[in-house]
Structures are given as structure tokens and as C-alpha cells.
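Have a look at the structure below before the remarks.
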Amino acid sequence: MSQSVLELTDVTFRRDGKQIIDGISLLVGEGEHWALLGPNGAGKSTLLGFCAAVTFPTSGTVRVLGKQMGRVDLADLRHSIGHVNPRHRLQYSLTVRDVVLTGITATIDLPMRWAPTAADVARADAMIASVGLRARAEDTWPTLSQGERGRTLIARALISEPRLLLLDEPTTGLDVAAREQLLETMDALDDTHPEVASILVTHHLEELPTTTTHALLIADGRTVASGPAREVVTTENVSAAFDHPVVVGFDEGRWTARAKASRIV
């Protein structure tokens, strides 16, 4: 039995009188790789905010690494959570290495009057190499492709040696080749960081890595299905969540989705 990394128990969230999340529970174990799936507006971003220890539920409990939100210093807790957000914004034109180093300080830019140690730089270079960007370490953020930025952000998230890795639609804006390179990088984490648990948010089944072990499928703030990925990501469940007939396929570790459409005459 893997050790629990994240536990949501009957969480709800209301905003301006509207129910955004309605009684969702989730248990993520060490080394498990979860997909958080659902249509736009389903509540995925809100749920990820609980997982990142940045949003408090209206009711229910959130435990990250055994610590309950509301009873622990969240700043310390967040150092054990890696967050990959493709909308990451930089104020200054940092190099790839500098961007990765900001993962140590948990800041957007390098803090004033802070300098990395030789060990910090060596660790950053090791993370950069692990995502296939050794040759780009000195290149600046604006010169990177979207795919290279995504891989840089994965290295940034991993440098603090997190136990939980959150990926918020990491393939947004990528072409097919860049998407596949990023998915290969994510698949490799199963070997390089086997104890790290992850949650990947998407509404495209084609964006799920082959290492995906579990899935939580939600719609309208409620759970449609949760558990082992092959049991959850099915034609029946996905059609129910998206409120549209969708044919789900699975081949060589990857999922596909195709909507059934009436022929237009």
C-alpha cells in the first residue's frame, strides 16, 4: 500500500452563492500519476487549488503530505509541492538555469540579495539535463519554444524535490511534435523520480502520458468516476462527463477520443 500524499475528503466550494465543487473526495498515493479530467467549467482549476494548498474549501478537509490545511504553515507545505503552469509569467528575461533556480526560492524571478550555492547550480543543471535541455541552459526565456518552456517548468518544479507534482494543462499551445516531447519527459519521471505523485489537469485524452495510473473524471463540480485509469477513462464515463457521445480508444498506453456526430445533410 503506497503512502498517502494527498487526501481530499468530501470537499465543497462555493463562490458568490454558486456551488463550484460539490462533495469530491480523492486519495493520491506515493508514486501514483493521476489525470484530472472534465469539460471546461467542471471545477478542475478549483480542485487543483486545493491540491496546491492555495485555496481553502468551503467545507470538507484537505490533507497534503499528512498535514491538514488550516492547521499547518502553508508556505512550508508548498515547498513540497511542484507546480507546472504553462501561463508562468516572468518579469525579467531569465536564462533557463535561472528559471529553474527560482524553484528553490518558490518565486517568479530570482530574489534580490539571494545567490545560489554551487550545489544549487549543480542541481539545476542536473534537472535541466533530465528534461533534455542541457544545450539550452544559457538561453533566455523569450527565445524558447513553448515546448522548451514546458520542459523548463518541469525542471523548475522538480528542483525543490517535491513529493507532489501538479501539472495544469502543460501541453497548452503546443504543436503535435512539442506535445509528444513533453509527454515523453513526463513519462521519464516514472524512472527518474519514482516516489513523486502527480496530478495532470486536462480535458484532452490525447494529452495523457502512458504512465498515467489513475483518473478522476468530474463534471459540474461532482465526481463522475474515480479510480484506476483504464476503468475510469471509458466511452461511457467520458460521454457522461462531457454530456455528448464520445468514443474512447486505448492503444499502446495512450488514449484517444472521437465524438459521435450526426451526418450533416
By DSSP, what percent of the beta bridges with both residues in the chain are antiparallel, rounded to the nearest 5?
60
Full-extension gain in nm, ALA75 to ASP187, via 0.36 nm per residue minus C-alpha separation:
37.4 nm
Work out the length of the dipole vector of the chain about its Cα centre, built from +1 on the beta-carbon of each Lys and Arg and -1 on the beta-carbon of each Asp and Glu, and round it to the nearest 20 debye.
680
Tilt of helix 176-192 relative to the longest C-alpha principal axis of the chain, in degrees (0 to 90, nearest 10)?
80
Exposed loop trypsin sites (Lys or Arg not before Pro) only (DSSP loop, at most 12 other Cβ atoms within 10 Å): please give the longest stretch of the chain free of them, not including the sites.
114-259
Rounding to the nearest 20 debye, state how big the charge dipole of the range 46-179 is about its Cα centre with +1 on each Lys and Arg Cβ and -1 on each Asp and Glu Cβ.
280
Going by alpha carbons, how many degrees (0 to 90, nearest 10) lie between the helix axis of 118-130 and the longest principal axis of the chain?
40
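Values quoted throughout were computed directly from the atomic coordinates according to the rules given, and no laboratory measurement underlies them. All of these numbers come straight from a predicted model, not from anything done at the bench. We place every Cβ from the backbone using ideal geometry, glycine too, and count neighbours over all the protein chains shown.
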